[in-house]
1. How long are the semi-axes of the equivalent ellipsoid of the chain, defined as square roots of 5 times the Cα gyration tensor eigenvalues? Whole Å, largest first.
2. Contour minus end-to-end for residue 41 and residue 182, with contour as 0.36 nm per residue of separation and end-to-end as the Cα-Cα distance?
3. Of 244, 55, 191, which has the largest mean-square fluctuation in a 10 Å C-alpha GNM of the chain?
4. Subtracting the Cα-Cα distance from 0.36 nm times the residue separation, let me have the gained length for residue 31 to residue 88 in nm, one decimal.
5. Using just the Cα positions, wrap region 41-184 in a convex hull and report its mean projected area in square nanometres, one decimal place.
6. As an exercise, use a Förster radius of 41 Å and the Cβ-Cβ distance of residue 254 and residue 118 to find the FRET efficiency, rounded to the nearest 0.05.
7. How many percent of DSSP beta bridges within the chain run antiparallel, rounded to 5?
8. Quick check: pseudo-label points 7 Å beyond the Cα along Cα→Cβ at residue 73 and residue 199, how many nm apart are they?
Ligand SMILES: Cc1cc2nc3c(=O)[nH]c(=O)nc-3n(C[C@H](O)[C@H](O)[C@H](O)COP(=O)(O)OP(=O)(O)OC[C@H]3O[C@@H](n4cnc5c(N)ncnc54)[C@H](O)[C@@H]3O)c2cc1C
């Protein structure tokens, strides 16, 4: 089972972020800003409002000054390979298949729901049972774990301890909460978001897929993928926005039709779904 636990984070994330931004825009020294927060001349509400305004801009480097530490367990090697592709603002420690030898040929693994729904989980378990036995045989024959692991499947579970800064976490959620991302990564990203929401909801709510109202607000994937996305209907595609802008600029916006006027003037207009 996938488990994601927020182990630690910047002691005062909102204060850290406020100070990082305020230092850029204020004649006050960071020490003076800190003192004003300390004696409540600057209130939590003022910090929140200021941060929200900054978050609407592209000034992102202050977001790197807030960090979150997570324990992540029960994820597959198929997931972990994607996870460690993130290169910036995130540090990983992952359970080793060199130093950890699975005992008795028992290795933990994940069976995707699609496999279960297809009724193929029994075959997967049977294969992994045989793999486990062979792994055990290899180890007993003196093959080191680092080589016996060549038998193991992508489904094998692994664990992480990571530290990620807020800017990087936003980026990871942009990509991995998107319905184009793999289900397991979406689940992990959603669980990280849920953990952050518990301790600092003011920041957690910004952890969205890139089409979220606090992020791009539109979809920049292909139109085909947008059309196939279950939330595509509540988010415009970027090409639609450009087409609309272009038509507006050229004075080519479709004029309201008679039926539109009829709907406007109707006492009880029929709601039209998107
Ligand atoms: C839906 C989806 C499908 C994917 N499919 C594939 C696939 O088929 N094959 C595959 O190999 N990978 C695939 N990936 C992984 C993808 O190519 C990236 O490796 C992954 O998203 C992490 O990289 P990043 O640049 O997004 O983030 P990070 O590495 O965390 O980087 C964060 C930001 O820093 C920038 N950055 C980082 N390093 C540099 C640098 N050296 N120079 C300039 N800018 C930098 C990035 O552009 C990014 O904006 C897929 C990812 C997604 C979300």
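Here, each number is a calculation from the coordinates, and none is a lab measurement. It should be emphasised that the depicted structure is a prediction, and the values quoted were computed from it without experimental measurement. Because the Cβ atoms are built from the backbone with ideal geometry, glycine has one as well, and the counts that use them run over all protein chains shown.
1. Semi-axes, largest first: 44, 32, 15 Å.
2. Value of the extension gain: 46.1 nm.
3. 244
4. Going from the current span to full extension adds 17.6 nm.
5. So the mean shadow area of the Cα hull is 11.9 nm².
6. 0.35
7. 95 percent
8. It works out to 1.8 nm between the two label points.
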